[in-house]
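Enquirer: Handing you this structure, nothing more for now.
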Amino acid sequence: MKILVVGGGGREHALAWKLKSSPLIKKVFCAPGNVGMMQHATCEDIAVDDLPGLVQFAKRQKIDLTIVGPEQPLVDGIVDLFEKHGLAIYGPNRAAAELEGSKAFTKNLLAKYGIPTADYRVFQNYDKAVAYINQLNRPAVIKADGLAAGKGVIVCTERAHMQNALQQMMQNKRFGHAGNRVVVEAYLQGEEVSLLGLSDGEHLMYLAPAQDHKRISDGDEGLNTGGMGAYAPTPFLDEAMIARIKREIMEPTIRAMASEGRPYKGVLYAGLMLTEQGPKVLEFNCRFGDPETQVILPVMTDDLLAAILAAQEGKLHEFERQETAGFAAGVVMASAGYPEKYQTGKVILGLNRTFESDVVIFHSGTRRQGNQIVTAGGRILTVTAKDDSLKGAIDKAYRTVGQITFEGAYYRKDIGAKGLRPGRP
Ligand code: AMP
Ligand code: GLY
């Protein structure tokens, strides 16, 4: 089969790498792809928001199936458009992608179907929102309703901070229309985990649970980022808790979407908080996570393409699963200054070394310049290693990080540490 992967980050590199190992694959194309993906795929310079350009390319190349990495094209209706042109594509259509595209939609859906999440209120009017936070006497989380590239969520412990967040979103339009509506929700405490499942509209096939590290600094301090590293599976999530998450959250959400006339076909990504009262939904994403995908796919022994084809046909319940193998840890190497201002164009050294077995370097912000590879973004690489133990995977990932250099390279030193703490919940 000829497959097109839409996107050009670490997640899409991992998708191309995994798809390439399927016996069903003839060729993988990526749009726009990146320098690292060229090892596994043919990259075509089409932007992820050029939906007509992607349709034309898929027709011209006779692509058998398109898989979409980022959320924006899904929320913009890429699936509806491809299907209108008779092209096969795996992902939620526009109506189903609301699950990520509107936090107010999702909170209202969860409330309607009794699916556990933080208590919340939705506001379209700034004065009403301010009046509401003025009578709160606990921390709150203020969320822009629409897509904001992962930056539209502000955790506030003080009222002044909440008011400032509302002002930024609703009055100063810091996130454009995404802030026309806001969700104000209760602050939840606990361990965060990401559980992803492939859905065929009715059944789910789960991938290994993963933990992301969203903050820039060790110990989960500092600004939020696109994700500084991840590991999978999460040893603290036992079978009973996984079963509870499936029963109380994942399956009811798929049923709820079907009842609402928005059957959900695609990757359902739940961002969860394991609270003392049980698991609760922080958010849903309508796609694979980044950097979770870079660690979930290395431990997956199933043929991803075969699983996606089963999902396309509504036959996921017949798909024969294999066990996951070992643990994977991925450390993101970023440019100095990220997530704020950073420089690019720094030469990356060490990429062509021979690394230990089960090491893969996924690219995101890289570019070729002459015969060198240079930095071209905030997050540059996800250095991923797999091993029989989580400790082994983390150590191997960091040994590999130590062999790659560029000026100002920054990375967290504690990726996976929470998975190793003894006496986990
Ligand atoms: P989201 O994009 O909704 O997942 O939010 C980004 C991050 O903000 C999450 O990964 C959490 O770390 C944090 N967060 C979101 N909602 C809450 C909440 N209700 N309580 C505590 N932290 C939250
Ligand atoms: N890892 C967070 C995300 O993909 O949104």
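Enquirer: If packing is taken as the average count of other Cβ atoms within 10 Å, what order do 323-334, 127-138 fall into, highest mean first?
Expert: Numbers: 323-334: 23.9, 127-138: 12.4.
Top to bottom by mean Cβ count within 10 Å: 323-334, 127-138.
Enquirer: Given the peptides 76-87, 225-236, arrange them by the average over their residues of other C-beta atoms within 10 Å, most packed first.
Expert: Details: 76-87: 17.1, 225-236: 25.2.
Ranking, from highest mean packing down: 225-236, 76-87.
Enquirer: Work out the length of the dipole vector of region 306-405 about its Cα centre, built from +1 on the beta-carbon of each Lys and Arg and -1 on the beta-carbon of each Asp and Glu, and round it to the nearest 20 debye.
Expert: Charge dipole, region 306-405, about its Cα centre: 640 debye, nearest 20.
Enquirer: What ranking do Glu191, Glu356 get, fewest neighbouring Cβ atoms within 10 angstrom at the top? Please list the in-between numbers first.
Expert: Values: Glu191 18, Glu356 12.
In increasing order of surrounding Cβ atoms, one gets Glu356, Glu191.
Enquirer: Evaluate 2.2 N^0.38 Å with N set to the residue count of region 254-317, then give the Cα radius of gyration divided by it.
Expert: Numbers: Rg = 14.1 Å, N = 64, 2.2 N^0.38 = 10.7 Å.
The reported ratio for this selection is 1.31.
Enquirer: With all pairs of different alpha carbon atoms counted, what Kirkwood hydrodynamic radius in Å does region 56-135 show?
Expert: Details: mean 1/r = 0.0657 Å⁻¹.
When all Cα pairs of region 56-135 are included, the Kirkwood radius is 15.2 Å.
Enquirer: While we're looking at this one, here's another question. For a quick check: sort Asp290, Asp388 by the number of other beta carbons within 10 angstrom, fewest at the front. Before the final figure, lay out the partial values.
Expert: On the way: Asp290 27, Asp388 11.
So the residues, fewest neighbours to most, are Asp388, Asp290.
Enquirer: Looking only at Gln403, Gln56, Gln277, which one moves most when the chain is put into a Gaussian network model with springs between Cα atoms under 10 Å?
Expert: Gln277
Enquirer: Could you pull out the trypsin sites (Lys or Arg not before Pro) across region 13-74 that fall in loop regions by DSSP (anything but H, G, I, E, B) with no more than 16 other Cβ atoms inside 10 Å? Numbers along the way, then the final one.
Expert: Values: sites: Lys18, Lys20, Lys26, Lys27, Lys59, Arg60, Lys62; in loops: Lys26, Lys62.
Sites meeting the loop and neighbour criteria: Lys26, Lys62.
Enquirer: Let me ask something else. Hand me the trypsin sites (Lys or Arg not before Pro) from region 352-414 located in a DSSP loop with no more than 16 other Cβ atoms within 10 Å, in residue order please. Before the final figure, lay out each step's value.
Expert: Details: sites: Arg353, Arg367, Arg368, Arg379, Lys386, Lys391, Lys396, Arg399, Arg412, Lys413; in loops: Arg353, Arg412, Lys413.
Taking region 352-414 and a limit of 16 other Cβ atoms within 10 Å, the loop trypsin sites (Lys or Arg not before Pro) found are Arg353, Lys413.
Enquirer: Can you give me the Rg/Rh ratio for region 200-271, using Cα atoms for both radii and the Kirkwood formula for Rh? Intermediate results must be reported in sequence, preceding the final value.
Expert: On the way: Rg = 15.1 Å, Rh = 14.2 Å.
Here Rg/Rh amounts to 1.07.
Enquirer: Treating only the Cα positions of region 47-92 as identical point scatterers, give the base-10 log of I(q)/I(0) from the Debye formula at each q in 0.19, 0.25, 0.29, 0.30 Å⁻¹.
Expert: One equal scatterer on each Cα of region 47-92 leads to -0.48, -0.87, -1.20, -1.28.
Enquirer: Just list whichever of Lys280/Lys315; Lys386/Lys418; Lys151/Lys413 have alpha carbons separated by over 19 Å in the model shown. Provide the component values of the computation, followed by the final result.
Expert: On the way: Lys280/Lys315 28 Å; Lys386/Lys418 17 Å; Lys151/Lys413 23 Å.
Violating the 19 Å Cα-Cα cut-off are Lys280/Lys315; Lys151/Lys413.
Enquirer: Using the Cα centre of the chain as origin and beta-carbon charges of +1 (Lys, Arg) and -1 (Asp, Glu), tell me which of Gln294, Ser21, Ala41 is placed farthest towards the positive end of the dipole.
Expert: The residue sitting most towards the positive pole is Ala41.
Enquirer: Could you work out, for the chain, what percent of all Cα-Cα pairs fall into each 20 Å distance bin, beginning at 0 Å and stopping at the bin that holds the largest distance?
Expert: Per 20 Å bin, starting at 0, the Cα pair percentages come out as 26, 61, 13, 0.
Enquirer: Which value, to two decimals, describes the C-alpha radius of gyration of region 1-93 once divided by 2.2 N^0.38 Å? Provide the component values of the computation, followed by the final result.
Expert: Values: Rg = 11.8 Å, N = 93, 2.2 N^0.38 = 12.3 Å.
Computed over Cα atoms of region 1-93, the ratio equals 0.95.
Coordinate-derived values only; no laboratory data. Not measured: the values here are computed from a predicted model. All Cβ positions, glycine included, derive from the backbone under ideal geometry; neighbour counts span all protein chains shown.
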